[in-house]
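For reference, the structure is listed below as structure tokens.
The values are calculated or read from the model by the stated rules, or taken from the named source; none is laboratory data. It should be emphasised that the depicted structure is a prediction, and the values quoted were computed from it without experimental measurement. Please note: Cβ atoms are built from the backbone with ideal geometry, for glycine as well, and neighbour counts cover all protein chains shown. For accessibility, only protein heavy atoms count, side chains too; no ligands or nucleic acids. Shrake-Rupley method; radii C 1.70, N 1.55, O 1.52, S 1.80 Å.
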Amino acid sequence: MRFDVVTLFPDFVRQCAAVGVVGRAQQRELLQVETWNPRDYATDNYRTVDGRTCGGGPGMVMLIDPLRAALKAMREAAAEPVHVIYLSPQGARLTQGRVEALAKLPRIGLLCGRYEGVDERLLAHEVDEELSIGDYVLSGGELGAAVIIDAVGRLQEGALNDAQSAQQDSFSDGLLDCPHYAKPVRHALGDVPEVLLSGDHAAIRRWRLKQALGRTWLRRPDLLVQRALDKESRALLEEFRREYAQ
Ligand SMILES: c1cc(-c2cnc[nH]2)ccn1
């Protein structure tokens, strides 16, 4: 997987991708992150990349030509076709399902806007998809790009170790994660649940699934609506709800 990020802040994006799972995956050449700065493609002496918004009003808009030249250089830099994503509050909300689909692509281009955004004509001709990481306004698209690089990058074959894969699976089955504990077993803040000390792996699996179902029901019931539950999960959730109601 190759990510190509068009951004006025390449160092920020590279630093985000240099640590943790994604950083290690880059070192192991499981993925590649390249950056393209539109300012390097501005043709005037001031390296101008923004202009006043037509029709008046506050703020500036990113100009077509520096972005278009940067995208052209990006497309020419490698053979595979690029799926170009523009990060914006106007985009479709990013979901784990969309992340899993994106993880199958050979190359992803991430266009990061700043100021009030990007000239609509550039978006209409150069962008395949708009995605939002949440209903709030950020200072630019770079944090969205970092989220996509992390969520998609960690799904590349070999990027995760066994424990991380298990944790990924627990989120990816559409439920919130169960509670986690480490030593000491006894603490002034409370004790580790006995079942986790029992060595009974079947009971531990059921307890973790019950907690995940119960938490999802309490905190994100909308996720449960979208998810069919098997007989065991329905029974465990009912058990959780009965105990919760007591
Ligand atoms: C993705 C991008 C953005 C954003 C880009 N520029 C200002 N906000 C907000 C949410 N998700």
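Take the range 149-166 and flag every residue that is charged (D, E, K, R), modelled with pLDDT of 95 or more and assigned to a helix (DSSP H, G or I).
Passing the criteria: only Asp150.
Of these, Arg234, Arg220, Arg186, which one is of a type in the set (Lys, Arg), within 19 Å of Gly97 (Cα to Cα), open to solvent by 80 Å² or more (accessible area, probe 1.4 Å) and out of contact with any Gly (no Cβ under 9 Å at 6 or more places or on another chain)?
Arg220
Take the range 139-168 and flag every residue that is without any contact (Cβ under 8 Å) to a residue 40 or more places away in the chain and over 14 Å from Phe12 (Cα atoms).
Across the range 139-168, the qualifying residues are Asn161, Asp162, Ala163, Ser165, Ala166, Gln167, Gln168.
Scanning the range 8-46 for residues that are more than 27 Å from the chain's Cα centre (by Cα) and farther than 13 Å from Ala70 by Cα, which turns out most open to solvent (accessible area, probe 1.4 Å)?
Looking at the filtered set, the residue picked out is Tyr46.
Please go through the range 93-148 and pick out each residue that is open to solvent by less than 30 Å² (accessible area, probe 1.4 Å), within 13 Å of the ligand (Cβ to nearest atom) and assigned to a helix (DSSP H, G or I).
Leu123, Glu142, Gly144, Ala145, Ala146, Ile148
So Leu175 ticks every box in (1) open to solvent by 30 Å² or more (accessible area, probe 1.4 Å); (2) at pLDDT below 95 but one. Which box is left unticked?
(1)
Please go through the range 192-227 and pick out each residue that is in contact (Cβ under 8 Å) with a residue 24 or more places away in the chain and among the small types (Gly, Ala, Ser).
Those that are in contact (Cβ under 8 Å) with a residue 24 or more places away in the chain and among the small types (Gly, Ala, Ser): Ala212, Gly214.
Yes or no, residue by residue, for (1) crowded, with 19+ Cβ neighbours inside 10 Å; (2) part of a helix (DSSP H, G or I); (3) in contact (Cβ under 8 Å) with a residue 12 or more places away in the chain; (4) within 16 Å of the ligand (Cβ to nearest atom):
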site	(1), (2), (3), (4)
Gly51	no, no, yes, no
Val61	yes, no, yes, yes
Glu80	no, no, yes, no
Gln90	no, no, yes, yes
